[in-house]
Amino acid sequence: MMHVYINGRFLTQAVTGVQRYAREIVKALDTLIESGQVQDLEVSLLAPQMPLLDLSLKHIKIRKIGRLKGHLWEQLELPFYTSGNPLVNLCNTGPALKTEQIVTLHDAAVYATPETFSKLFRTWYKLLLPTLGRRAKHLITISQFSKRELMKYCRIPEAKLSVTYQGSDQILQTQADARILHKHGLAGQAFALSVSSVKPNKNFATTLEAAKLLSHASYPIVIAGGTNPRVFGGFEHELPENVIYLGYVSDEELKSLYDCATCYISTSYYEGFGLTPLEAMACSCPVIVAQAASLPEVCGDAALYCDPYNPNDVASKIDQVMSTPALRQTLSTKGLERAGQFSWEACAYETLEIIRRTLL
């Protein structure tokens, strides 16, 4: 039986898109082991000596190793402890000099949208990503769009890249916390929802400009999400009166917002996958997304598309959905069907097959 290690550094980090991906794949892999579909591998998570996120795993053991933390732990101690064994990295990084490993690279945003990141962050990643592309045994990415971007910017050969789509079904196992609706006066009210940090690629400014154009409307634009100023270049905006900015929300609060929103809007112009529109679809929420990056690939014909560079078009699409019950019903029905085509179990199974094919 082969022993495979998973880089568990993500257990020490705040949960954003890449950490959620890692968390859900590991949980789904643990379920596959429970069902008897993984009998040829022993899987362990290696993590720094720090407080860790509890995934409540039944079969995948978590081991704390080393004395360092962060990038130093990942680059110096992790390869030492995994010497002679294959390593799987799920969050855009991995030991630069290790060859017997698989790395998931979610996108090429540090190249395509460098203004999104701090100088230190993008300098490190522009060094690390091509190095991993050359040295790792195989790479995984999360959309055909990201595959093309990584081939373009990092010169990674197509044969070395596999695509595994994310799931959205974890949101259906989340217990909704409706207190956030009552706290902000949203219970029983129509509202348009957006989940957006102030990262430039999320196009927060266009969403706000569209909101200004809808100042006459009877419904508010509700924006949830936070940002990490150490990673992303922050900027400030004056919020229109019809915008309710919630900041960071828990998964339980987000589930309640998806369940009760009249529609969901994403004007992001660069996404490696675009998980939040798919989560909204899974909750029967009609979705409007930008005609950009991976979003058409993920959302298919189940979304209404807008021009992310045209606030007038964004505002028009929001008002169209908010005022047309038949359109909302069509988008809701198509969205449910589309979201059902993506699951974390399928993502974990495909990842497992890549591990078997390339590392064993």
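The values are calculated or read from the model by the stated rules, or taken from the named source; none is laboratory data. Nothing here was measured: the structure is a model prediction, and the numbers come from that model. Glycine also receives a Cβ, built like all others from the backbone with ideal geometry; neighbour counts cover every protein chain displayed. Side chains are part of the model used for accessible areas, which takes the heavy atoms of the whole protein and leaves out ligands, DNA and RNA. Shrake-Rupley method; radii C 1.70, N 1.55, O 1.52, S 1.80 Å.
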Per the rule of 0.36 nm per residue minus the C-alpha distance, extending A205 to H3 adds in nm 68.0 nm
Checking S332, S266, S35 against a Gaussian network model of the chain (alpha-carbon springs below 10 Å), the top fluctuating residue turns out to be S35
Taking 0.36 nm per residue of separation between E34 and L336 and subtracting their Cα-Cα distance, the length gained on full extension comes to 105.9 nm
Taking Cα atoms only, helix 311-322 is inclined relative to the longest principal axis of the chain by an angle, in degrees rounded to 10, of 80
In degrees, nearest 10, the alpha-carbon axis of helix 344-359 is tilted away from the dominant principal axis of the alpha carbons of the chain by 30
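When the accessible area of region 143-198 is split by element with a 1.4 Å probe, what percent falls to carbon and sulfur? Let's see the in-between values first.
Numbers: 1380 of 2780 Å².
On region 143-198, the fraction of accessible area on carbon and sulfur atoms equals 49 percent.
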The relative contact order of region 95-226, taking Cα pairs under 8 Å that sit 6 or more residues apart, comes to a percentage of 22
With +1 at each Lys and Arg Cβ and -1 at each Asp and Glu Cβ, the charge dipole magnitude of the chain around its Cα centre, to the nearest 20 debye, comes out at 1280
The distance between the Cα centres of region 121-143 and region 248-308, in whole Å, is 27
With +1 on the Cβ of every Lys and Arg and -1 on the Cβ of every Asp and Glu, the dipole magnitude of region 235-340 about its Cα centre, in debye rounded to the nearest 20, is 400
Contact order relative to length for region 16-77, counting C-alpha pairs under 8 Å separated by 6 or more residues, stands in percent at 30
Mean-square fluctuation maximum in Gaussian network of the chain, Cα pairs under 10 Å, restricted to W124, W344, W73, hits W124
To the nearest 20 debye, region 130-215 has a Cα-centred charge dipole, built from +1 on Lys and Arg Cβ and -1 on Asp and Glu Cβ, of 540
Checking L45, L72, L29 against a Gaussian network model of the chain (alpha-carbon springs below 10 Å), the top fluctuating residue turns out to be L72
Expressed as a whole-number percentage, the relative contact order of the chain with C-alpha contacts under 8 angstrom and at least six residues apart is 16
Once phi for every residue in region 43-48 is put through the Karplus expression 6.51 cos²θ - 1.76 cosθ + 1.60 (θ = phi - 60°), the whole-Hz ³J(HN,Hα) values, with Gly and Pro written as x, are 10, 10, 9, 10, 9, x
Rounded to 0.05, the calculated FRET efficiency for the beta carbons of A190 and A346 at R₀ = 41 Å is 0.75
Per the charge dipole of the chain (beta-carbon charges, Lys/Arg positive, Asp/Glu negative, Cα centre), the residue among V4, P308, P296 reaching farthest to the positive end is V4
With -39,500 (n - 2.57) per DSSP H segment of 4 or more residues and division by the full residue count of the chain, the 222 nm estimate, nearest 500 deg cm²/dmol, is -11000 deg cm²/dmol
So the carbon and sulfur contribution to the accessible area of region 250-329, 1.4 Å probe, in percent, is 47
Cross-link reach from K61 to lysines, straight Cα distance under 16 Å and at least 8 residues apart if same chain, gives K27
In degrees, nearest 10, the alpha-carbon axis of helix 17-34 is tilted away from the dominant principal axis of the alpha carbons of the chain by 60
Bridge orientation stat for the chain from DSSP, antiparallel percent rounded to 5, came to 5
For the chain, dividing by residue count, accessible area per residue (probe 1.4 Å) in Å² works out to 43
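What is region 303-360 by shape, rounded, prolate or oblate, if you read a ≥ b ≥ c off the alpha carbon gyration tensor as root eigenvalues and call it rounded for a/c under 1.5, prolate for a/b larger than b/c, and oblate otherwise?
oblate
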Reduced to Cα centres, the span from region 83-120 to region 201-221 in Å works out to 35
Full extension between I244 and E297 adds, at 0.36 nm per residue less the Cα distance, a length in nm of 16.1 nm
Projected onto the charge dipole of region 15-63 (unit charges on the beta-carbon of Lys, Arg, Asp and Glu, signs +1, +1, -1, -1), the Cα from Q39, I60, G17 with the largest positive-side position is that of G17
With label points set 7 Å from each Cα along the Cα-to-Cβ direction at Q49 and A14, the distance between them in nm comes to 2.7
Placing +1 on each Lys and Arg Cβ and -1 on each Asp and Glu Cβ in the chain, then taking the dipole about the Cα centre, the residue among Q341, Q166, S194 whose Cα reaches farthest towards the positive end is Q166
